[in-house]
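Below: one structure, written as structure tokens.
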Amino acid sequence: IGEYLRDYGFNLDFAPVADVNTNPENIVIGSRAFGDDPQLVAEMVSAGIRGLHSSKVMSCIKHFPGHGDTKDDTHAGFVSIDKNWEELEACELIPFKAGIEAKTDMIMISHITAGNITKDGLPSSLSQEMIERRLRRELNFDGIIISDSMAMGAITERYSSGEAAVLAIKAGTDIVLMPENYTEAFESILEAVTRGEISEERIDESVMRILSLKDKYDILI
């Protein structure tokens, strides 16, 4: 996969999928996952990352903290999970930990709301507790964090493009993917920086992660 992507001129694949397909009623993950055994998924995720890297293609594992035990689809609207952090550690987080150990370049944050983990009531993609506390500090991931598409129903039904983009950046997201209204998202982030709601240092953190990754893969800036 890495070889033909590179031949076509792509340098990033939003893969491999690190979700564990544990819920037979899941309508969005299914065969996108490697299976329902977290150890098997972890092995496949690690192998997928190594394969992409061998072709100088960047990897992005998804959808943190795990979309495999849900029944609903974040493309359409609100989705929540009932598991606590310890329960995720016993299953869903195993492939993500393996992916971090395998040096994945990016992790995509889902829009799943995890009420028994975060107390802010926000989708994971907008939650500082999920991103900074759990993914950055607890799992020690220092690569790029990218949101799932911000044009999905789980976001657009509850937030404007500007609100979602600002919340995502404040939460620690480095790249805001596919806002429903790009101009509104950009201008809202700019306004938040201008009024001091988001610091320039916070923006610089993400910029440096992105530039460092481009430099690693010899991508022209």
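For E101, which of the numbered conditions (1) modelled with pLDDT of 95 or more; (2) crowded, with 16+ Cβ neighbours inside 10 Å fails to hold?
Of (1) modelled with pLDDT of 95 or more; (2) crowded, with 16+ Cβ neighbours inside 10 Å, only one is false for E101: (2).
Against the definition (surrounded by 18 or more Cβ atoms within 10 Å (Cβ to Cβ), at pLDDT below 95 and polar (S, T, N, Q)), how does T173 come out, yes or no? First the steps, then the outcome.
On the way: surrounded by 18 or more Cβ atoms within 10 Å (Cβ to Cβ): yes; at pLDDT below 95: no; polar (S, T, N, Q): yes.
Against the criterion (surrounded by 18 or more Cβ atoms within 10 Å (Cβ to Cβ), at pLDDT below 95 and polar (S, T, N, Q)), T173 does not qualify.
Can you tell me which of R6, R50 is open to solvent by 70 Å² or more (accessible area, probe 1.4 Å), modelled with pLDDT of 95 or more and either closer than 23 Å to Y217 by Cβ or of a type in the set (K, R) (or both)? Spell out how you get there, then give the answer.
On the way: R6 fails: modelled with pLDDT of 95 or more.
After applying the criteria, what remains is R50.
For the stretch 112-140, enumerate the residues that are in a loop (DSSP other than H, G, I, E, B) and touching a residue at least 24 places away in the same chain (Cβ under 8 Å). Give the steps one after another, and end with the answer.
Residues of the stretch 112-140 in a loop (DSSP other than H, G, I, E, B): 112, 115-122, 127, 139-140.
Passing the criteria: I112, G115, N116, I117, L122, S127, L139, N140.
What pairs come up if the first residue lies in the stretch 153-180 and is of a type in the set (S, T, Y), the second is surrounded by 22 or more Cβ atoms within 10 Å (Cβ to Cβ) and not in a strand (DSSP E or B), and their beta carbons are under 7 Å apart, counting only those six or more places apart or on different chains?
What qualifies is S161/M150; S161/P179; S161/A185; T173/S125; T173/I131.
Which numbered condition in (1) out of contact with any strand residue (DSSP E or B) (no Cβ under 6 Å at 6 or more places or on another chain); (2) modelled with pLDDT of 95 or more; (3) surrounded by 23 or more Cβ atoms within 10 Å (Cβ to Cβ) is the only one that L139 fails?
(3)
The values are calculated or read from the model by the stated rules, or taken from the named source; none is laboratory data. Given the structure is predicted, the values throughout are model-derived calculations rather than measurements. Cβ atoms come from the backbone with ideal geometry, glycine included; neighbour counts cover every protein chain shown. SASA here: full protein model, heavy atoms, side chains in, ligands and nucleic acids out. Shrake-Rupley method; radii C 1.70, N 1.55, O 1.52, S 1.80 Å.
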